[in-house]
Amino acid sequence: MKRFLCVVVLGVVCLAVLAAAPEEKMPKPQYDEKGQLLRPADYREWMFLSAGYGMNYSPEPGGHEMFTNVFVQRWAYDEFVKSGKWPEQSMFVIDERDAASRSSINQKGHYQTDLMGLAVEVKDSTRNPDKWAYYGFAADSKSSGAMAHGNSCWTCHDAHAAVEHTFVQFYPTLKVVAKQFRTYNEEREKVADAK
């Protein structure tokens with residue numbers, strides 16, 4: 001009987017320790033032995049922030065019109081909602097998809113088709129001297145190295161992002177949160193309107 005009671009008490013103690021342990025923030029950026037970012041496997045199960053069609057940051061016409069879908073880890077989203085700031089190891093995945101129209105029953109408008117690639121933005125000051133780094137994945141690549149220092153993504157985000165290095169101005173549900181916490185840079189939106 002004493003042995004059974006000891007096993008039960010030990011089981012209760014283990015459960016209490018597990019319940020008290022802080023929840024692990026998953027998923028986090030994962031890197032291979034060369035330091036390349038591994039493709040986030042289940043990003044489409046993360047928080048969906050917004051979608052765009054034919055967005056172009058250059059005033060020049062042209063370019064391939066595609067859909068972009070933006071996802072961030074649920075835990076990073078939850079922390080942003082509490083503070084208006086992105087925590088370390090936040091990852092944004094921009095799922096880039098081809099566009100089609102006039103197919104099957106669709107006669108007007110556009111819809112998403114094949115994956116063209118992923119653009120991934122990571123906040124990880126332990127690996128990146130600029131805190132934020134940018135990675136590009138082909139549709140079937142498993143890993144990617146960070147774009148070189150001073151790349152066009154970093155420069156554009158640094159100059160135009162409304163919250164840290166993120167385009168919260170295009171995420172309607174988070175724009176309100178950032179304004180509430182006064183982390184939203186109103187000037188970034190005005191610059192875009194002026195051009």
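If A159 passes every condition in (1) more than 18 Å from W86 (Cα to Cα); (2) modelled with pLDDT under 90; (3) small (G, A, S) but one, which one does it miss?
Of (1) more than 18 Å from W86 (Cα to Cα); (2) modelled with pLDDT under 90; (3) small (G, A, S), only one is false for A159: (1).
Of the residues that make up segment 174-191, is at least one within 17 Å of the chain's Cα centre (by Cα), touching a residue at least 24 places away in the same chain (Cβ under 8 Å) and not in a helix (DSSP H, G or I)?
no
Restricting to segment 122-145, give me the number of residues that are of a type outside the set (D, E, K, R) and in a loop (DSSP other than H, G, I, E, B).
Applying the first criterion (of a type outside the set (D, E, K, R)) to segment 122-145 yields 122, 125-126, 128-129, 132-139, 141, 143-145.
Filter again for in a loop (DSSP other than H, G, I, E, B), leaving 125-126, 128-129, 139, 141, 145.
Going through segment 122-145 one residue at a time, the tally reaches 7.
Do you know which residues across segment 146-168 are in a helix (DSSP H, G or I) and under 29 Å from K34 (Cβ atoms)?
Filtering segment 146-168 down to residues in a helix (DSSP H, G or I) leaves 152-160, 168.
Passing the criteria: S152, C153, W154, T155, C156, H157, D158.
The values are calculated or read from the model by the stated rules, or taken from the named source; none is laboratory data. Keep in mind it's a predicted model, so treat the numbers as computed, not measured. Reconstructed Cβ throughout: ideal geometry from the backbone, glycine too, with neighbour counts over all protein chains shown.
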